[in-house]
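Have a look at the structure below before the remarks.
The values are calculated or read from the model by the stated rules, or taken from the named source; none is laboratory data. Here the structure is a predicted model, which is why all the values come from computation and not from measurement. Here the Cβ positions follow ideal geometry from the backbone for every residue, glycine too, while neighbour counts run over all protein chains shown.
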Amino acid sequence: MEVQNPPEQRQDVVAANGLSRELESRFRDCRLKRPFRRSAYDPGDVLEYGVTGVFPKVPARVRALVERYVGGGFAGQVYRVKVLEIVPVSILPVVESAELAAGSDAVGDVGLVEGRTYAVKILRPRSRFARGFRNLLYFLGYQAHFGAEVLPSAVRAGVLWQKLIRRAMAHETGDEAAVCDTYATFYDRELQSFGEINEWIDGRIWKFEADDRIFSRWDFEDSPPVDHSSPEYVHKKRFMKGLVNLLHRMGAGELARQYEWWTGKSTPNVLKRLSGEGSPRAGLTAVDFRAGLTLLPFLPMSPADIILIVRGLFRGRLVQFDRCDMTRLRSFVEQSRAFADLQPAVDELVSQTASYRASQPDVTHHHVRLLFSRRLRASVRRGAIRSWLSRGWLDDRGADLLGSRPLLWPVLWTVSWIPWLGRFCVSIWGNASSRRHLRLCWTDADYRGRALLGSRIETLIRWCRDGRAGAARAARLVDRPLAYWLERLTAGWLPAAWHRFVTDWAWAGEQIRDKVSFTLSFLRKPLFREQVLLDEVRRGREEGMLTASETSRIESQIKDPFMQKYLKFLAVHL
């Protein structure tokens, strides 16, 4: 006996992926003057990037197959991909994203291997809400667009820090695998965002452990005793504490926020490799060095943030995100021969960081220098133009033209922050494709109809991907503009599940029947209750939450009277 929902959910995903490709094809048939506005990728999509190796800094072209969407938060969206092809730069007619590849070697190995699996992180959140909230906090702190999404200097600085931290951990602990490796950076033209290619970690987040020593575990200065009931918990906490101390010594104090235990949200940033299952200490790996949310002095988001804000104020920093101390890094590197071969990476990090910091207004750091330093104002202008170019607001000609008109830039910069209107004004001024698209929408009725169809297609793809509409309903709404607009203006503002519940009555009825059937079966049928528990146990085993021996033990005790009583009590509380 099996629970029926998961297979049906998988069928919905497969149907949605197929519809997305079909609708994208219809969008191309519209022959619009603007590009398709993509928000995410689906399993089976093929990515093609011009990449630049982290170290050594060599360019190449990579083709990769998206195997699945892993997840993501405020920093971006992560995919598991399989590399299909790597083309050396000498074969390429051009190198994409020249700013990323600037100063790179002519030939070399980016470190990727054809046929292997990697993690691709695109620094643009999949959720519109997540992206909007993240960008709002970043704007309040730095008066600019999210740096790693739109600036090559910011994305390069992030991966170079990760490379150096990996070497430092190897020197401190003797285990280079304690930090996830990073291989290359790229610019995604469809998502209009920079990204990075990292090592794929076969691992898990947490193991279920009974903790009957909740207070005594705080006393451990070294490894916990052998008979401790939650050794993995203790080792993970000690690992994160050691990493935080290392980051502070390296000058990356603001990056250390990613691993502060008491934030209550940092533990998923450390995975345990499945290869280290034999020991509670082995296999712990730090995987995420990209902060997502800016820490503002008036908006702590965890208990630890209050302490971090106070510490920042004593250092004179009102805003905290990813600012690091290059002087302290230089001193740290010079004290160890472990970084001798990474000196070019250190030099690039210092250069990219200086460029990154000088490209933003950042009034809490630059203060009145913005008023008196012509060089700083010019650098901020170049940073804004680069950001708009990355986001597709400007084309190459518009960027060059704006760069030669310093008096026009303050006007456009001010207008650009007006919601909806800002992007429209900048694009109309600096993007020829946007101007042609708008002109045809006003003067050509046939083109206007195709433009409205293209907009519906983009929205319905997002609805289908987010679970707002099933594949069949989304396909019907494509050619029903009145029904589409009625639904978008009414239910489109609701959460995804509510939206589908009130607009797709067949799906709503099916959900109600499934929930009622599941509850009644769980109450009445002992075998069904047992199967539900076994399915959960096996899922926990697949995700690494349980060991093989723990799984076998639970399965062997499924008929135990106390286990049966537990399941009955659980049924009553449904």
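Would you confirm whether any residue within segment 98-114 is modelled with pLDDT of 95 or more, closer than 17 Å to Val150 by Cα and not in a loop (DSSP other than H, G, I, E, B)?
No, segment 98-114 contains no residue that is modelled with pLDDT of 95 or more, closer than 17 Å to Val150 by Cα and not in a loop (DSSP other than H, G, I, E, B).
Report, by residue number, each residue of segment 358-406 that is of a type in the set (A, V, I, L, M) and within 24 Å of Leu140 (Cα to Cα). Lay out the reasoning, then the answer.
Applying the first criterion (of a type in the set (A, V, I, L, M)) to segment 358-406 yields 358, 363, 368, 370-371, 376, 378, 380, 384-385, 389, 394, 399, 401-402.
Ala358, Val363, Val368, Leu370, Leu371, Leu376, Ala378, Val380, Ala384, Ile385, Leu389, Leu394, listed by residue number.
Scan segment 313-330 for residues that are more than 13 Å from Ala256 (Cα to Cα) and touching a Leu at 6+ places or on another chain (Cβ under 9 Å) and jot them down. Talk me through it step by step, then tell me what you get.
Filtering segment 313-330 for residues more than 13 Å from Ala256 (Cα to Cα) gives 313-319, 326-330.
Scanning segment 313-330 gives Leu318, Val319, Met326, Leu329.
Out of everything in segment 523-562 that is farther than 22 Å from Arg273 by Cα, touching a residue at least 12 places away in the same chain (Cβ under 8 Å) and among the hydrophobic types (A, V, I, L, M, F, W, C), what residue ends up being surrounded by the fewest Cβ atoms within 10 Å (Cβ to Cβ)?
By that ranking, first place goes to Leu527.
Find the residue count for segment 70-85, including only residues that are buried (at least 16 other Cβ atoms within 10 Å of the Cβ) and farther than 13 Å from Val46 by Cα.
Going through segment 70-85 one residue at a time, the tally reaches 7.
Being crowded, with 22+ Cβ neighbours inside 10 Å and in contact with a strand residue (DSSP E or B) (Cβ under 7 Å, 6 or more places away or on another chain) is the filter here, so list the residues in segment 122-149 that pass it.
Matches in segment 122-149: Ile122, Leu123, Arg124, Pro125, Ala148, Glu149.
Kindly indicate the residue of segment 57-83 that is touching a residue at least 60 places away in the same chain (Cβ under 8 Å) and in a loop (DSSP other than H, G, I, E, B) and also farthest from Ala130 (Cα to Cα) among those meeting that condition.
So the residue we want is Lys57.
Any residue that is out of contact with any strand residue (DSSP E or B) (no Cβ under 7 Å at 6 or more places or on another chain), surrounded by 15 or more Cβ atoms within 10 Å (Cβ to Cβ) and among the polar types (S, T, N, Q) - is there at least one of those in segment 391-413?
no
Could you tell me how many of the residues in segment 355-378 are of a type in the set (Ser, Thr, Tyr) and surrounded by fewer than 17 Cβ atoms within 10 Å (Cβ to Cβ)? Talk me through it step by step, then tell me what you get.
If we filter segment 355-378 for residues that are of a type in the set (Ser, Thr, Tyr), which is where we start, we get 355-356, 359, 364, 373.
Next, from what is left, pick out any that are surrounded by fewer than 17 Cβ atoms within 10 Å (Cβ to Cβ): 364, 373.
Number satisfying all stated conditions: 2.
Which number in (1) within 18 Å of the chain's Cα centre (by Cα); (2) not acidic (Asp, Glu); (3) not in a helix (DSSP H, G or I) marks the one condition that Phe298 misses?
(1)
Considering only segment 339-354, I want to know if a residue exists there that is of a type in the set (D, E, K, R), surrounded by 13 or more Cβ atoms within 10 Å (Cβ to Cβ) and within 17 Å of His248 (Cβ to Cβ).
Checked against the condition, which is being of a type in the set (D, E, K, R), surrounded by 13 or more Cβ atoms within 10 Å (Cβ to Cβ) and within 17 Å of His248 (Cβ to Cβ), segment 339-354 yields no hits at all.
Being hydrophobic (A, V, I, L, M, F, W, C), within 40 Å of the chain's Cα centre (by Cα) and in a helix (DSSP H, G or I) is the filter here; which residues of segment 524-564 pass it?
Of everything in segment 524-564, those that are hydrophobic (A, V, I, L, M, F, W, C), within 40 Å of the chain's Cα centre (by Cα) and in a helix (DSSP H, G or I) turn out to be Phe528, Val532, Leu533, Leu534, Val537, Ala548, Ile554.
Are any of the residues in segment 494-511 within 31 Å of the chain's Cα centre (by Cα), outside any helix (DSSP H, G or I), free of Cβ contacts under 8 Å to residues at least 60 places away in the same chain and surrounded by fewer than 13 Cβ atoms within 10 Å (Cβ to Cβ)?
The answer is yes, given that some residue of segment 494-511 is within 31 Å of the chain's Cα centre (by Cα), outside any helix (DSSP H, G or I), free of Cβ contacts under 8 Å to residues at least 60 places away in the same chain and surrounded by fewer than 13 Cβ atoms within 10 Å (Cβ to Cβ).
Which residues, taken from segment 209-225, are surrounded by fewer than 14 Cβ atoms within 10 Å (Cβ to Cβ), at pLDDT below 70, of a type outside the set (D, E, K, R) and in a loop (DSSP other than H, G, I, E, B)?
Ala210, Ile214, Phe215, Pro225
Would you call Arg377 assigned to a helix (DSSP H, G or I), within 27 Å of the chain's Cα centre (by Cα) and modelled with pLDDT under 95?
Values: assigned to a helix (DSSP H, G or I): yes; within 27 Å of the chain's Cα centre (by Cα): no; modelled with pLDDT under 95: yes.
Considered against the rule, which asks whether it is assigned to a helix (DSSP H, G or I), within 27 Å of the chain's Cα centre (by Cα) and modelled with pLDDT under 95, Arg377 comes out as no.
With in a helix (DSSP H, G or I), more than 17 Å from Phe139 (Cα to Cα), out of contact with any strand residue (DSSP E or B) (no Cβ under 8 Å at 6 or more places or on another chain) and of a type outside the set (Lys, Arg) as the only criterion, which of Phe289, Phe332 stands out?
Phe332
Determine, yes or no, whether Arg423 is of a type outside the set (Gly, Ala, Ser), buried (at least 17 other Cβ atoms within 10 Å of the Cβ) and touching a residue at least 60 places away in the same chain (Cβ under 8 Å). Give the steps one after another, and end with the answer.
Working: of a type outside the set (Gly, Ala, Ser): yes; buried (at least 17 other Cβ atoms within 10 Å of the Cβ): yes; touching a residue at least 60 places away in the same chain (Cβ under 8 Å): no.
No; evaluated as a whole, the condition is false for this residue.
Does Ser127 satisfy the criteria of being of a type outside the set (A, V, I, L, M), touching a Gly at 6+ places or on another chain (Cβ under 9 Å), modelled with pLDDT under 95 and over 29 Å from Arg465 (Cα atoms)? Outline the logic, then answer.
Numbers: of a type outside the set (A, V, I, L, M): yes; touching a Gly at 6+ places or on another chain (Cβ under 9 Å): yes; modelled with pLDDT under 95: yes; over 29 Å from Arg465 (Cα atoms): no.
Spelling it out, it is not the case that Ser127 is of a type outside the set (A, V, I, L, M), touching a Gly at 6+ places or on another chain (Cβ under 9 Å), modelled with pLDDT under 95 and over 29 Å from Arg465 (Cα atoms).
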